[in-house]
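Below is one structure, written out as structure tokens; comments come after it.
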Amino acid sequence: MPKLLVTGSSGLIGSEVVSHFAPAGWQVLGIDNNQRADFFGPQGDTRWNQRRLVEKYPTFEHLELDIRNREAVLKLVADTKPDLIVHAAAQPSHDLAASRPFDDFDVNAVGTLNMLEAVRRSAPDTVFVHMSTNKVYGDRPNTIRLKELETRWDYDDPTYADGIKEDFSIDQSKHSLFGASKVAGDVMVQEYGRYFGLKSCCLRGGCLTGPNHSGVELHGFLSYLVRCNLEGRTYKVFGYKGKQVRDNIHSHDVARFVEAFYRNPRCGEVYNIGGGRANSVSILEAFDRIAAISGKKMSYEYIDKNREGDHICYISDLSKMRSQYPEWDITKTLDDVFHEIYQAWRTRDG
């Protein structure tokens, strides 16, 4: 039975990876210490998802471990020697990183180094998939010439008609401390691939979403937006006229790409993984979409200041992923994403 180790296993991507591989005959070990509840309070708590996974999948085992604990990480990888590691644990918020910089860097950069070095020492044949972020590009995407449309911003440069490619510069831009710590982890994953020959890749996520997201104001845009609509809360729009654009990829399609990479791994690769142009949506457009589903008008407040380093328009160019892994493509449409998140918040216990 092949063995998978998932960090952040109770989070959005981690839990989706568990749900994808466990029924396919894998033994799955999940690391999660519910740090999200510490970062974001009770609404960020992921214990409900942990319980769901333990109850649903007999081959899944939950491990209460902090990836900052270097000795524990080194021992676990040495003892288990997994075939595949999906490193999804992270501190994911721009705003929180500014107030807790040591926690942010220790989780995102040092925690990633702990995982990589554990693999190099004890399990060098393990395939290592790192959940990075498009925030490694900082605010440099905002230098692309834009045009203002009725409900969104869009690129006004044909070079970016299909979105942003992996060779886009990550240098000399404002990242937020979160973006900078993720850059450190991202580059280390590449380096362990290129320098030591580790089979590894960085998935620079756009807006990763889905029904198992514990969305909060500081992280989880679409999940939190839908929750606000359902509960009649006021959603705060931070700058850019509410026309800022994100490309949304369902966590299921992320898990499918992880499997494709595992079957044909490379060393030190980088992929921009998002929903692409077809799954892109602005905040204003998202308000209309969820209102049409729920029948409830969106309540929102506009704050005329954008978040530091925030993207005005970000769309991932998926051409590299599609060319190297032609068996993979987006299967969940934007409509699918909205409907699934809506149903999940209506029925969630926790």
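List of remarks:
- Spacing of the modelled spin labels on GLU327 and ALA344, each 7 Å from Cα toward Cβ, amounts to 2.6 nm.
- Couplings for segment 133-138, taken from phi via the Karplus curve 6.51 cos²θ - 1.76 cosθ + 1.60 with θ = phi - 60°, read 7, 6, 6, 5, 7, x Hz in order; Gly and Pro are left as x.
- Derived scalar couplings ³J(HN,Hα) [segment 235-244; Karplus, 6.51 cos²θ - 1.76 cosθ + 1.60; whole Hz; x for Gly, Pro]: 8, 8, 9, 9, x, 6, 6, x, 9, 5
- Mean separation of Cα contacts under 8 Å, 6 or more apart, over the residue count of the chain: relative contact order %: 19
- Charge tally in the Cβ shell below 12 Å around VAL226, where Lys, Arg are +1 and Asp, Glu are -1, VAL226 excluded: +4
- Amide proton proximity set for CYS267, modelled H, under 5 Å, gap of 5+: SER200
- Fewest-first sequence of HIS311, HIS94 by Cβ atoms within 10 Å of each Cβ: HIS94, HIS311
- Judged by the gyration tensor of its Cα atoms, with axes a ≥ b ≥ c, segment 19-105 is oblate; a/c meets the 1.5 cut and b/c is at least as large as a/b.
- Among the GluC sites (Glu not before Pro) found in segment 4-103, those both in a DSSP coil and sparsely packed, with 12 or fewer other Cβ atoms within 10 Å of their Cβ, are GLU64.
- Axis of helix 334-347 versus longest Cα principal axis of the chain: the two differ by about 80°, to the nearest ten degrees.
- Measuring r between the beta carbons of ASP157 and PHE102 and using R0 = 35 Å, the FRET efficiency lands at 0.35.
- Here segment 298-350 and segment 116-193 have alpha carbon centers that stand 16 Å from each other.
- Peptides 240-246, 272-278, 321-327 ordered by average Cβ neighbours within 10 Å, highest first: 272-278, 240-246, 321-327
- Cα centroid separation, segment 211-243 to segment 76-108 (Å): 24
- Residue pairs, from the table LYS135/LYS320; LYS135/LYS243; LYS147/LYS332; LYS241/LYS305, whose Cα atoms sit over 21 Å apart: LYS147/LYS332
- Extension reserve of the ARG233-LYS147 stretch, reckoned as 0.36 nm per residue once the Cα distance is removed: 27.9 nm
- Residue-by-residue Karplus 3J(HN,Hα) for segment 26-33, coefficients 6.51, -1.76, 1.60, Hz, glycine and proline x: 9, 7, 10, 9, x, 9, 6, 10
- Label point at SER294 placed 7 Å out along Cα→Cβ; residues across segment 41-65 whose backbone nitrogen lies under 19 Å: 43-45
- The angle between the Cα long axis of helix 176-196 and the longest principal axis of the Cα atoms of the chain comes to about 40 degrees, rounded to the nearest 10.
- The order of the peptides 24-34, 42-52 by mean Cβ neighbours within 10 Å, most packed first, is 24-34, 42-52.
- Between amide H atoms placed 1.01 Å from N, distances below 5 Å from THR133 occur with GLY205, all of them 5 or more places distant or on a separate chain.
- Taking segment 309-350 and a reference point 7 angstrom along Cα→Cβ of ASP95, the backbone N atoms nearer than 19 Å belong to 309-312.
- Once both labels are positioned 7 Å from their Cα atoms along Cα-to-Cβ, the gap between ARG194 and MET1 label points is 3.9 nm.
- Zone of ILE303's modelled label, taken as backbone nitrogen in segment 215-239 under 19 Å from a point 7 Å along Cα→Cβ: 215-229, 232-239
Quick note: the coordinates plus some simple rules give every number you see, no bench work behind them. None of the values given here were measured: they were computed from a predicted structure. No Cβ is skipped: glycine too gets one built from the backbone with ideal geometry, and neighbour counts run over all protein chains shown.
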